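Please read the structure below before turning to the comments.
The values are calculated or read from the model by the stated rules, or taken from the named source; none is laboratory data. The model shown is predicted, which means the values in this text are computed figures rather than measured ones. Here Cβ is always computed from backbone atoms with ideal geometry, including for glycine, and neighbour counts include all displayed protein chains. Surface accessibility is based on the protein's heavy atoms, side chains included, excluding ligands, DNA and RNA. Shrake-Rupley method; radii C 1.70, N 1.55, O 1.52, S 1.80 Å.
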Amino acid sequence: MVVFSNIDKNANGCVKEFMRCDKKTNAPLIKNVYHYDAEGRMLQKVIYKWCNKNAWVGIQKFEYTYDLNGNPQCPTVTVWNEKSKEWCSEHNK
């Protein structure tokens, strides 16, 4: 497996992407995308898989929040619902 990465920084924070590809064919397999705020705190992690239709399809999303003191709170976890084409909680799959 080969990993490719990209980091896009701006005044509001940054987005880091890590894409894993097949070592022999370079075919994309999995992509993780991390969103950070300007203070470097992770806001979101999204995991995608490569679909044979030449598109990334969501698998799972973690959303992070912080209290007024900057302490992390329990993340919200959602999964991609293929039928409804939207993120939903595990209970609403």
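Structure above, values below:
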read-out	value
Charge-dipole axis of the chain as Lys and Arg at +1 and Asp and Glu at -1 on Cβ define it, positive-most pick from A27, G40, V79	A27
Cα gyration tensor, the chain - rounded (a/c under 1.5), prolate or oblate	oblate
Dipole magnitude (debye, nearest 20) for the chain, charges at Cβ of Lys, Arg, Asp, Glu	520 debye
Mean Cα-pair separation over length for the chain, i.e. relative contact order, pairs under 8 Å, 6 or more apart, %	15 percent
Gained length - E86 relative to K23, 0.36 nm times residue gap less alpha-carbon distance	19.6 nm
Set of aspartates and glutamates near K61 by C-alpha distance (under 20 Å), chain-local residues within fewer than 8 positions excluded	D8, E17, D37, E82, E86, E90
Surface share of carbon and sulfur [accessible, 1.4 angstrom probe, percent] for the chain	50 percent
Shape category assigned to region 43-93 from the gyration tensor of Cα positions, a/c cut at 1.5	oblate
Surface per residue (accessible, 1.4 Å probe) for the chain, Å²	73 Å²
